[in-house]
Amino acid sequence: MYIAVLADNVADRKQTERLLGRANDVLAKETGTLYIDSFGDVESLMHAPMKYELFLIDMSHSDTHGQSVAAALREANAPGNIALMIPKDTPFSYQIVLDGLTTIQKPLVPSTLHQLIRETHKEQLQTIIPKIEIRSENETYYIPLEQIIYAKEKEHFVYVHLDNGKVLSMLGEIRDFYRWVDTHPEFVLIKKDTVLNENHVISSTKREYHMSNGEILSLPRFSFFKPQQ
């Protein structure tokens, strides 16, 4: 499990890291190894939020409130569970505006943390969405496979076309990309430079395939690909 800790106070951040290290010793056989990344500011956290299954947010010493961090994570469609740490004896009116987020009262204690990790692990098992890691020149993306329409190799790069209109590029060959997705039967290597997601085929002829994004992919005269009807 990948966990992100965001705390604007160094002492609080280090204490949470220590508690998570001990939690890993106790829970690893049950939840898998806990991989911890720690951040002191929101900008660093938002660089690659898609990899985390749990966010522990403790913003009690700056002008940036935990609610705004949670809103930014939701806006980015980050899939992880978001838990906000709140000061002891915080008035209920403060919690009421947290919009259904998980809250943990400080100081953080092991039993509460372990319960949160167990619950998050259980939720993740029930809602696992297969993803692929795509490393571009400047950023790393974690993309649900269902969002990929097709991927095409050109000049030592693979261009991955998504259903939101974005095209991500990664250095490599199409056959490497195919090895990463070939356990999912909807992905098919239709020619030497193209992998296609059958679930995004709208219609087809013997020579071309009409995709859900409006594009038309032409095929070689002899193709082993047989689309779903």
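The values are calculated or read from the model by the stated rules, or taken from the named source; none is laboratory data. Keep in mind that what you see is a predicted model, and the values were worked out from it rather than measured. FYI the Cβ positions are ideal-geometry reconstructions off the backbone, even for glycines, and counts take in every protein chain you see. Each accessible area value is taken on the protein alone, full model and side chains, heavy atoms only, with ligands, DNA and RNA left out. Shrake-Rupley method; radii C 1.70, N 1.55, O 1.52, S 1.80 Å.
Under the condition of being at pLDDT 90 or above and not hydrophobic (A, V, I, L, M, F, W, C), which residue from segment 206-217 is nearest to L162 (Cα to Cα)?
The selected residue is N213.
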Open item on the list: Go through segment 16-75 and report how many residues are in contact (Cβ under 8 Å) with a residue 40 or more places away in the chain, over 21 Å from E123 (Cα atoms) and of a type in the set (S, T, N, Q).
Closed with: 4
TODO: Tell me which of these E133 doesn't satisfy, since it passes every other one: (1) outside any strand (DSSP E or B); (2) surrounded by fewer than 18 Cβ atoms within 10 Å (Cβ to Cβ).
DONE: (1)
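Please go through segment 1-33 and pick out each residue that is open to solvent by 50 Å² or more (accessible area, probe 1.4 Å) and under 22 Å from the mean Cα position of the chain (by Cα). Steps first, answer last, please.
At the first step, the residues of segment 1-33 found to be open to solvent by 50 Å² or more (accessible area, probe 1.4 Å) are 2, 10-11, 14-15, 17-18, 22, 25-26, 29-30, 33.
Hits for segment 1-33 are Y2, E17, E30, T33.
I'd like to verify a number: residues in segment 147-199 that are within 13 Å of S212 (Cβ to Cβ), of a type outside the set (S, T, N, Q) and loosely packed, with under 15 Cβ neighbours inside 10 Å, how many?
Going residue by residue through segment 147-199, those that are within 13 Å of S212 (Cβ to Cβ) are 147-150, 161-165, 186, 196-199.
Adding the requirement that they be of a type outside the set (S, T, N, Q) leaves 148-150, 161-163, 165, 186, 196, 198.
Adding the requirement that they be loosely packed, with under 15 Cβ neighbours inside 10 Å leaves 165.
Within segment 147-199, residues that are within 13 Å of S212 (Cβ to Cβ), of a type outside the set (S, T, N, Q) and loosely packed, with under 15 Cβ neighbours inside 10 Å number 1.
Restricting the search to segment 200-222, which residues are open to solvent by 40 Å² or more (accessible area, probe 1.4 Å), closer than 13 Å to I148 by Cα and of a type outside the set (S, T, Y)? Don't jump to the end; show me each part of the working.
Here is the first cut: in segment 200-222, the ones open to solvent by 40 Å² or more (accessible area, probe 1.4 Å) are 202-208, 210, 212-216, 218, 220-222.
Those left that are additionally closer than 13 Å to I148 by Cα: 212-213.
Answer for segment 200-222, where residues must be open to solvent by 40 Å² or more (accessible area, probe 1.4 Å), closer than 13 Å to I148 by Cα and of a type outside the set (S, T, Y): just N213.
Quick one: is Y142 under 19 Å from E53 (Cα atoms) and in contact with a strand residue (DSSP E or B) (Cβ under 8 Å, 6 or more places away or on another chain)? Outline the logic, then answer.
Details: under 19 Å from E53 (Cα atoms): yes; in contact with a strand residue (DSSP E or B) (Cβ under 8 Å, 6 or more places away or on another chain): yes.
So Y142 passes the test.
Identify, please: which residue in segment 14-54 is basic (K, R) and modelled with pLDDT of 95 or more and is, among those, nearest to Q67 (Cα to Cα)? Steps first, please.
Keep residues of segment 14-54 that are basic (K, R), which gives 14, 18, 22, 29, 51.
Next, only the ones that are modelled with pLDDT of 95 or more stay: 14, 18, 22.
On the way: K14: 22, R18: 25, R22: 28 Å.
Among those that are basic (K, R) and modelled with pLDDT of 95 or more, it is K14.
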Task: Members of segment 71-86 that are within 11 Å of the chain's Cα centre (by Cα), over 22 Å from R13 (Cβ atoms) and loosely packed, with under 15 Cβ neighbours inside 10 Å - done: N77
TODO: Give, as residue ranges, the helices (runs of 4 or more DSSP H) completely inside segment 1-89 that count at least 1 residues that are under 15 Å from L108 (Cα atoms).
DONE: 10-31
